[in-house]
Structure formats: C-alpha cells, structure tokens
Amino acid sequence: MSIKVIIADDHAVVRDGIRAVVERKGKNIKIIGEASNGKEVLKMAENNPADVYLLDIAMPILNGIEATEKLRKMDKECKIIILSMYDDGNLVGKALQYGANGYIVKETATEEIIHAIHEVYMNRFFLSPRISKFVVNGFLGKSKHSNQYKSVIKLTKREREILQLIAEGFTNKEVAIQLNLSTYTVHVHRNNIMKKLDIHKQADLIRYALKEGISHL
C-alpha cells in the first residue's frame with residue numbers, strides 16, 4: 001500500500017523538486033495533492049487526508065507551524081514533516097512542540113526526503129542531521145534556544161493567525177476577510193496582541209513575528 005503524501009509550499013519550484021525526487025525514488029510513496037498555503041492544506045486534509053504532510057514553515061496566510069497544530073487536532077495519527085530554510089533551534093523546538101514528527105532543512109531535502117517520509121510513517125521522528133544537535137542540547141539544558149520558543153505561547157491561536165497576516169502586510173480589513181471576522185474584532189485582537197507583547201509600533205510587531213517564526217516574509 002502506498003504512503004499518501006501532500007506537499008505544501010508557496011514556491012512551485014520547491015513542490016516540483018520534491019515531487020520529482022519522490023516519483024524517481026519513492027516507489028511506495030504517492031503524492032496526492034499540492035498546496036501553496038496552510039489553509040489549502042487544511043481543506044485538502046478534510047476532503048482527502050494524507051498519511052504524511054510536508055509543510056513549508058514559511059507559507060503565507062497560515063504558516064507551517066500553525067497548520068501543524070490544526071492538522072494534529074484534525075487527525076492525531078497523521079505524520080507531519082516541516083520543511084525550512086532555517087536550522088534555528090528556536091523554530092525546531094516550536095515545530096516539535098506543535099506536533100511535527102520531522103524537520104528537514106531544504107538545503108538537504110532532496111537527499112533526506114524519502115528516508116524522512118518512511119521514518120515518520122513508521123512512527124519515528126526524523127531531523128536533518130545538522131539540526132539534531134539543537135534537540136539534544138535542549139534536552140540536556142545546554143541550548144540557548146531550549147526555552148525561547150515558549151514566549152509565543154502567551155498568544156492565543158487566533159492572535160497568532162492575525163499576527164502572521166499583519167506581519168505579511170495585510171490591513172485589518174484584509175485580515176478580517178481572510179479569517180471571516182469583523183474588522184472591529186480584528187482591531188480588538190490587534191490591540192490585545194500589542195498589549196500582551198508590550199509592543200506599540202507596527203515595525204516592532206513585524207520584528208517580533210519574524211523572530212518567533214510566526215512569519216518569514
């Protein structure tokens with residue numbers, strides 16, 4: 001039986017590259033869908049769920065980490081691998097905390113993707129070798145990143161969604177349309193975010209979102 005996989009990345013060239021590797025080397029792996037953002041992934045998961053999801057961490061609208069959390073609630077048995085340009089321990093920690101089974105650095109994805117899919121499908125974790133040290137050091141209490149990613153948890157899921165869209169340049173009205181909320185509700189959430197984070201300037205809000213991996217622009 002084939003392992004069903006959905007690829008989600010906002011760059012078509014990345015999706016094409018992964019598909020090419022899977023079709024060439026993954027004899028028992030079948031790509032059943034492609035998405036360009038987290039919201040599209042969730043719709044696909046409702047209609048035709050996959051066994052393994054490959055999610056770009058920096059997708060627009062709904063990023064890979066937020067999508068991971070939502071997918072995990074929809075299907076506790078699904079397997080999720082985060083694809084990222086970054087080997088930052090802060091992001092690795094967040095991805096695992098939110099329910100990812102694997103984390104691959106895009107630079108080495110073509111060499112690792114087939115093995116990673118098989119590993120997570122067999123209920124094991126897979127991390128690119130170059131980032132494994134962050135996890136090990138975190139467990140040993142030696143990593144400067146080991147506790148940093150907890151800071152973003154003070155925001156609710158809705159607030160994180162709104163913060164990502166704000167950081168990506170959406171206006172309050174555009175955020176409201178994307179999330180099916182009233183403009184007033186978005187305004188209230190935005191004020192709450194700034195109050196919680198003690199941030200009062202748009203530029204500082206964007207910097208926070210980038211630092212915490214909520215947005216990568």
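Please go through the stretch 80-112 and pick out each residue that is of a type outside the set (Val, Ile, Thr), part of a helix (DSSP H, G or I) and more than 18 Å from residue 52 (Cα to Cα).
Filtering the stretch 80-112 down to residues of a type outside the set (Val, Ile, Thr) leaves 83-91, 93-103, 106-107, 109, 111-112.
Still in the list and also part of a helix (DSSP H, G or I): 89-91, 93-97, 106-107, 109, 111-112.
The answer is 89, 90, 91, 93, 94, 107.
I'd like the residue in the stretch 22-53 that is among the aliphatic types (A, V, I, L, M) and touching a residue at least 60 places away in the same chain (Cβ under 8 Å) and, out of all such residues, is nearest to residue 162 (Cα to Cα).
Residue satisfying both the conditions and the ranking: 52.
Restricted to the stretch 46-66, and to residues that are of a type in the set (Asp, Glu) and over 11 Å from the mean Cα position of the chain (by Cα), which residue is farthest from residue 4 (Cα to Cα)?
46
Which numbered condition in (1) under 17 Å from the mean Cα position of the chain (by Cα); (2) modelled with pLDDT of 95 or more; (3) assigned to a helix (DSSP H, G or I) is the only one that residue 69 fails?
(2)
For the stretch 1-50, which residues satisfy the criterion of being among the β-branched types (Val, Ile, Thr), surrounded by 16 or more Cβ atoms within 10 Å (Cβ to Cβ) and not in a strand (DSSP E or B)?
14, 18, 21, 22, 41
Which of the residues belonging to the stretch 72-105 are among the basic types (Lys, Arg) and surrounded by 20 or more Cβ atoms within 10 Å (Cβ to Cβ)?
Correct list: 79, 94.
Keeping to the stretch 29-47, report how many residues are closer than 15 Å to residue 115 by Cα and modelled with pLDDT under 95.
Matching residues across the stretch 29-47 total 0.
Using the structure shown, decide if residue 105 is modelled with pLDDT under 95, touching a His at 6+ places or on another chain (Cβ under 9 Å) and among the aliphatic types (A, V, I, L, M).
no
List the helices (runs of 4 or more DSSP H) inside the stretch 146-216, counting only whole elements, that have at least 2 residues being farther than 18 Å from residue 57 by Cα and at pLDDT 90 or above.
Result: 172-179, 183-197.
The values are calculated or read from the model by the stated rules, or taken from the named source; none is laboratory data. Here the structure is a predicted model, which means the values were calculated and not measured. Heads up, the Cβs are rebuilt from the backbone with ideal geometry, glycines too, and the neighbour counts pull from every protein chain shown.
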